[in-house]
Amino acid sequence: MPIQWLDKLIRRARVKSPWLLHFDCGSCNGCDIEVLACLTPVYDVERFGIVNVGNPLHADLLLVTGTVNRRNGRVLTNLYEQMAAPKVVVAIGSCGLSGGIFRTAYNVIGGVDQMIPVDVYVPGCPPRPEAIIDGVFLALDRLSRPAKSSDRPPLKPVAGRSSP
Amino acid sequence: MRTSVIPFGPQHPVLPEPLQLKLTVEDEVITEAVPALGYVHRGLEALAQNRDFHQMVQVTERVCGICSVLHAICYCQGLEDIMGITVPPRARYLRVIWGELLRLHSHLLWMGLFADSFGFESLFMQLWKIRERVLDIQEATTGNRVISGTIRVGGVSRDMDARQVHWIADQLTWVAHQVRQIEPVLREDFTIRRRTEGKGVLTSAQARELGAVGPVLRASGIAQDIRQTGYAAYGELDFEPVTATAGDCHARCMVRLGEIDQSIDLIHQALDRLPGGDIRSEVRGRPQGETLMRVEQPRGEVVYYIRADGGKTLSRVRIRTPTFANIPVLVKLLPGIFLSDVPVVVLSIDPCVSCLER
Amino acid sequence: MNHALIILGIGLVAGPLLGGLAGGLDRIVTARLQARTGPPVWQPYYDVIKLMAKELVVVNGWQAFCVYSYLFASMLALILFVMQSDLLLILFTQALGAVFLAMGALASTSPYSQVGAHRELLQILTYEPLLFLVGVGIFLETGSFKISVVMQWKDPLILKLPLLFAALGYVMIIKLRKSPFDLAASHHAHQELVRGVFTDFSGPLLGMIEIGHWYDTVLILGICSLFWATGPVPMAALAAAAYATIILIDNAAARLNWRWMLGHVWAMGLALALVNLICRHQG
Amino acid sequence: MVALIITFILLLPVAAAAGCLIVRRDNLGNGVILITGLALAAAALMMVSIAPAGLTAAELGGRTFEGVILAADMGLLIIFLYYGRRYKSRAVLFLSTAQMLLLGGVEWLRPPWVPFDAMVFQADGLARVMLLIINLVGPLICCHAIAYMRNHERHLKLEKSAQPRFFFVMLVFLGAMNGLVLSNQLHHLYFFFELTTLCSFLLIGHDKTPTAVDHAVRALWVNSIGGTAFALALVLIRVSKDTLDLQRLLTQGHSPADLLLPALALLCLAALVKSAQFPFQRWLLGAMVAPTPVSALLHASTMVKVGIYLMLRLAPMIQGTFLSRCTAVYGGFVFLAAAALAVGQSNGKKVLAYSTISNLGLIFACVGLNTPPALTAAVYLLLFHAVTKALLFLCVGTIEQHIHSRDIEDMRGLYAVMPATALMTVAGVLMMIMPPFGVLLGKWMAMESAATDIPVIMLVVAGSALTVMYWARWAGLLMSEPVVVPFRPERMPMSTWAALSVLCAGGAGLSAAAPWLYDLLVSAVIAPGSLLPVYTVHWGIMESAAGRFAVFPLSLLAVSGCLVSVLAFRHANRGRAVSPYLCGEQTAEPCVFNGPMDQPVKAGAKNYYLTSIFGEERLTVWLNSAAAVLLILLLGGTL
């Protein structure tokens, strides 16, 4: 009984206190300024306990914008691996989803899910702050569920992940 | 004296964008700074070779989300120059309005990040609160908050009615009032001056030599603003470049503060004189020829070189962005300052890595 | 014996209870000052519970040693305070905690952590003399370092030691990690050092540091309240007023650098303390 | 019984020293050293357990003993003259000649007169504290030196071992120290004082490298200033009083009309020189070229404490004088100044040297304050500083022989290489700055007693903060690299291991036992009369009118807290290991990130030494000048 109660408390705390790490892979800044706008007075995500911690070791939530290339993909994987479980990933914007308008550019591998497992996709070019907040909440839903190791497929080996 | 090596970026909370600076530090004084780029490089210019030149407008808007309209304007002006298209006066005025709105939101955004870089979080919040109003105007007039998508070759794709014109003027009056309230803080506050004055000083000779552009150049006392060339409708509007003489971070902030007022004034002027008529001329045929087009972005002068061989796609689009021009300045300014001033100096050139790397 | 146990319990509980509450109020007040709504008042508890339930990710095992020692020292300092023990001993104990935190940060090789640790040490260097002089000032007024004696003192000390109280203000700003002196670690990571000393702590260890910080907050506010120790109401009022002032300063100032902090706080703070002490006791 | 122990404790080291010189075989020599050490320790402990007592002149053969001492004095000065000529040091020549003239003068004009019932050697409270330090710490350091010197000579590739000579001097030094603290006649004390100077000179120059010789000569002439001041003081006292007997001088007290006060000021100068206080600190810094056990024994634990010892002896005589007050401010100043210079150092031994000077300054300040609580603080600091600093010096010596560097930066992540030594170093550092350990207990007492003196307390609080700064960063970086290896003591010789662990455990144990030491030892030093004790001790809590330090409860809590933290450490090592934060560009190699052009770059922060603020070159001149001004004030004030 106390265990259940504690478990409930912990899951509630996880939902109430998601700390986010924002990483801009190869975005045009459009999504990034909208992510930042979420923190500011009009949207104020701190209402929900969301804090931009800027450090993978502290974060629960990885917000990724932009397309992935070999170089920033390496950084992305490094950051993801440094985060402590339970963690969720939200890909933001058309580029983060699939590569978007840059999909065919020579230095673009594609969306974020080419590198790390993505939990929530937020479409838009750029998505509105409301959409981003909504995406975060969908991700929190996932955080509140008991984590199973099967939820996390091992990272796919992608060229460029490790340093040459 | 012991030296430390610090990677500053690519993921760093001070820089929203991935840019790495390898800093060599002695007791928190920078002795060497080496920038490492390439995290955002997508290969945009090459996309011109497999998109038609109309589609390419959307791509240029996404060179950078903060400078989007002005990239599109520059690109379209280039093509209009090649194809000999005259843009209707109303479209030229609308371009000015959107361009200046963009400058307004970009400068407010920068100012907020700048405040954050020296740890003045409440100022960041206040500035971004004002900025939201500017984004509201953008959204009301273009349908999108950040990337407007209204610029077309030959003109613009959206018009605004008289009611909107009125509303925009009202909103801008509010913005101007808010900015005036914050201005004394940025100008006078002891802690801000302590953190910005005398930091990252660039003399006018250095600015010329290193090829600085935009507010960085103007803060070093050189009154150069590409808008004075009179593209779009600027030739018909009254304005003077905002300059400062100190050449330090505080001066750069003051120039941008002045430009916020200037932009509001320009939009008011443009709204007052907004002519009637069409918003887009017809575009016929395929472009052939080459051109070099310059436009003043919030971060400074952007240069587009466009070459067309008469095909559906362009054979070359080359973009020299303002941040690209200002990076040598940054590398020059960093050695000798304190580690705690690195974010302030880096942000004072308003780096846009997405522009820089394309 | 029973009495002592109750006091011990109060000391143990007061830290998380009051400290967390103070943290929550701080976040709400700060948010309001920034035209935002802010999180609920119990947000710090959510944060800590979440952190404690996270995966244990470590850079270096010594971090755990140092964090536990830090928390232990901070708890001990507050308990000694609640037990109305010797003021200097309390100050030494809290310094012990601060040193362990810096040592924990030094245990990681990340330059951010290392630079943060050094700044933390510089902060200790900056505020320690002032904090001890506050103790000395209280001693010179009341004739004892024991808080039990100070608590029975009839006159508000702030009337006799106003300049020393101002010097304590510097200490509080530094100790509570507020602008313009939040150099080693800021509450929200937008500074050049990411989170400075906290950078390489994660999950449960970070949660424990947060709890330690609650204890520190209560202790420093407690020391501040000694300046009007005529009863619980004026004590609480003085602490609340000081805390509110510091939040206000935090929101109206940019972060300065450590050179300025060291020079200014030593010059101003020591001068204030010296003038006050000399005026009262050798003039 | 007492006579036996005193004779034993004085003669055994000398005999053992001679033995070392004669035996010249490693194992046998080592055995002699170890057995001597054990015997000395036992004798010192026995001395503590019996009532204060002494040896009178009659028991020592009266005038004959005086003659022996005088001859030895002259012999010593002739040796000084010889070295002065050999190393062409005019200062040594001049100062030694001056001392000879002064001594000869006093002998000729008014020969010291020692009545048959006068005490020649006396083991009172203070002497017993000193005896404990000398005979417990000293032998441990000698024990450490056995393996150290073997490695040292292997490293230097010596053909003929200089070890017999080394241990000869070390043991003679122990005897000299014992004699010094037991002497009751000032002119006897002078002899032992000079003998320690000679030992120090010989040991600093032991390696015979040009630097070593240079620094040894410097130590010799600087200390000769102290000797000269001492000799001059002897003359002055002799001229104004009819006795050189310390006990009698104390009971007679002083009257402003006579020359006693200037004489005391001169003795104070001698003490300051011996304790390497500013502006005489350079000899001690130079002395760091000596093998580390020498630094530990002479220049941290015992010889530099002679100054303190002398001042503590004289404290009752200068109570309430300007001299005393001036010493307090001066000591406080040195505490701050040396701590500031220590911040700017990355050389481990230099940090230790400055820290020693700094702590001695604090003790001088306590003696200068000259109130019973302050003197208690001085005795505690004396005791615990000796143990802790010996440990730290020996640790640095061990580390230096292993990694061939004494630079703090090179000790980064030492835990992975030398876990046991690294841990003991950290323990030593924590003992220097943290409650509930003894040094901090002393510092707490010092602060509580200095609180009424505003200039002194200002200096002390500032110095104390600087102290925390330079110690904490050192302790922190020993654990710096990622620790992956399980705990595995490195291989070190039994003698090294024994010395380090006994010192470490002893320091911690003594700290916990500090309240009992008060009743046992310390209170006897401060209040030999019928004064009320300064501190009351019950349940291991020391309480005075001004404050309360719960030593024993805090020690218990500290032990339990430490155990919990160790469990946490072990638990954390089972957690998932990640690389430190390097902005997302970390690589598989520790502390290497992908830098510009995708090249691996070694990241890393070095310590702040703040040389622009606390640099030696920058500050020393100013600090020396300030100290000289204070010193002139101190000496001039007595005239």
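General observations
- For D:Gly575, the stated conditions do not hold, so it cannot be described as away from chain B (no Cβ under 11 Å) and closer than 30 Å to C:Leu80 by Cα.
- Here is the figure for the stretch C:72-103: residues that are hydroxyl-bearing (Ser, Thr, Tyr) and at the interface with chain D (Cβ under 9 Å from one of its Cβ atoms) total 2.
- C:Ile138 vs. criteria surrounded by fewer than 24 Cβ atoms within 10 Å (Cβ to Cβ), more than 24 Å from D:Trp471 (Cβ to Cβ), touching a residue at least 60 places away in the same chain (Cβ under 8 Å) and out of contact with any Asp or Glu (no Cβ under 6 Å at 6 or more places or on another chain): no
- Taking the criterion of being more than 14 Å from chain A (Cβ to nearest Cβ) and without any contact (Cβ under 8 Å) to a residue 60 or more places away in the chain, the only residue of the stretch B:57-93 that qualifies is B:Gly84.
- Taken across the stretch B:131-154, residues that are more than 26 Å from B:His250 (Cα to Cα), buried (at least 21 other Cβ atoms within 10 Å of the Cβ) and small (Gly, Ala, Ser) do occur, with at least one present.
- Restricted to the stretch B:37-155, the set of helices (runs of 4 or more DSSP H) holding at least 1 residues that are closer than 21 Å to A:Pro126 by Cβ and touching a Leu at 6+ places or on another chain (Cβ under 8 Å) comprises B:55-61, B:68-83, B:89-117, B:121-142.
- Here C:Thr109 fulfils each of the conditions (1) more than 8 Å from chain D (Cβ to nearest Cβ); (2) outside any helix (DSSP H, G or I); (3) crowded, with 24+ Cβ neighbours inside 10 Å apart from (1).
- Subset tally (residues that are in contact (Cβ under 8 Å) with a residue 24 or more places away in the chain and within 11 Å of D:Val217 (Cα to Cα)) for the stretch D:85-103: 4
Per-residue answers, yes or no, for (1) under 28 Å from D:Cys366 (Cβ atoms); (2) surrounded by fewer than 23 Cβ atoms within 10 Å (Cβ to Cβ); (3) at pLDDT 90 or above:
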residue	(1), (2), (3)
D:His254	yes, yes, no
D:Ala257	no, yes, no
D:Ala263	yes, no, no
D:Ala270	yes, no, yes
D:Pro279	yes, yes, no
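- Scanning the stretch D:44-55 for residues that are surrounded by 19 or more Cβ atoms within 10 Å (Cβ to Cβ) and either assigned to a helix (DSSP H, G or I) or at pLDDT below 75 (or both) gives D:Ala44, D:Met47.
- Candidate set from the stretch A:47-61 (those that are more than 10 Å from chain B (Cβ to nearest Cβ) and either farther than 12 Å from A:Val15 by Cα or among the polar types (S, T, N, Q) (or both)); member that is surrounded by the fewest Cβ atoms within 10 Å (Cβ to Cβ): A:Arg47
- Qualifying positions in the stretch D:580-591 - modelled with pLDDT under 85 and either more than 10 Å from chain B (Cβ to nearest Cβ) or surrounded by fewer than 17 Cβ atoms within 10 Å (Cβ to Cβ) (or both): D:Thr587, D:Ala588, D:Glu589, D:Pro590
- Scan of the stretch C:25-49 for residues that are of a type outside the set (Val, Ile, Thr) and away from chain B (no Cβ under 14 Å), ordered by number: C:Leu25, C:Pro39, C:Pro40, C:Trp42, C:Gln43, C:Pro44, C:Tyr45, C:Tyr46, C:Asp47
- C:Leu168 vs. criteria under 21 Å from the mean Cα position of the chain (by Cα) and farther than 29 Å from A:His22 by Cα: yes
- All told, C:Phe139 falls short of being part of a helix (DSSP H, G or I), within 28 Å of C:Met268 (Cβ to Cβ), facing another protein chain (nearest Cβ under 7 Å) and touching a Pro at 6+ places or on another chain (Cβ under 6 Å).
- Every condition in (1) touching a residue at least 12 places away in the same chain (Cβ under 8 Å); (2) surrounded by fewer than 20 Cβ atoms within 10 Å (Cβ to Cβ); (3) farther than 30 Å from B:Met83 by Cα; (4) within 14 Å of chain A (Cβ to nearest Cβ) is met by B:Gln126 except one, and the failing one is (2).
- Scan of the stretch D:558-591 for residues that are closer than 30 Å to D:Ala513 by Cα and outside any helix (DSSP H, G or I), ordered by number: none
- Some residue of the stretch C:149-165 being surrounded by fewer than 24 Cβ atoms within 10 Å (Cβ to Cβ), under 26 Å from D:Val460 (Cβ atoms) and at the interface with chain D (Cβ under 10 Å from one of its Cβ atoms): yes
- Residue in the stretch C:205-216 that is at negative phi and either within 14 Å of chain B (Cβ to nearest Cβ) or of a type in the set (S, T, N, Q) (or both) present: no
- Matching residues in the stretch C:153-212 - criterion: being of a type in the set (Phe, Trp, Tyr) and outside any helix (DSSP H, G or I): C:Trp153, C:Phe181, C:Phe201
- For the stretch B:129-166, the tally of residues that are among the small types (Gly, Ala, Ser) and farther than 30 Å from B:Met83 by Cα stands at 2.
- Lone qualifier among D:Leu314, D:Leu298 - being assigned by TED's automatic domain parsing to the domain that holds D:Asn135 and within 23 Å of D:Gln122 (Cβ to Cβ): D:Leu314
- Among the residues of this structure, D:Ser555 counts as one that is of a type in the set (Gly, Ala, Ser), more than 9 Å from chain C (Cβ to nearest Cβ) and outside any loop (DSSP other than H, G, I, E, B).
- Considering each residue of the stretch D:614-624 in turn, at least one proves to be of a type in the set (Asp, Glu) and surrounded by fewer than 14 Cβ atoms within 10 Å (Cβ to Cβ).
- Summed over the stretch A:70-82, the residues that are surrounded by 22 or more Cβ atoms within 10 Å (Cβ to Cβ), more than 7 Å from every other protein chain (Cβ to nearest Cβ) and more than 12 Å from the chain's Cα centre (by Cα) give a count of 2.
- Failed item, numbered, when C:Val197 is tested on (1) at pLDDT 90 or above; (2) under 17 Å from the mean Cα position of the chain (by Cα): (1)
- Unique match (being among the hydroxyl-bearing types (Ser, Thr, Tyr) and either closer than 18 Å to C:Ser108 by Cβ or more than 14 Å from chain B (Cβ to nearest Cβ) (or both)) among D:Ser612, D:Ser565: D:Ser565
- Counted residues, the stretch B:156-170 - those being part of a loop (DSSP other than H, G, I, E, B) and in contact with a helix residue (DSSP H, G or I) (Cβ under 7 Å, 6 or more places away or on another chain): 2
The values are calculated or read from the model by the stated rules, or taken from the named source; none is laboratory data. Here the structure is a predicted model, which is why all the values come from computation and not from measurement. Backbone-built Cβ (ideal geometry, glycine too); neighbour counts: all protein chains shown.
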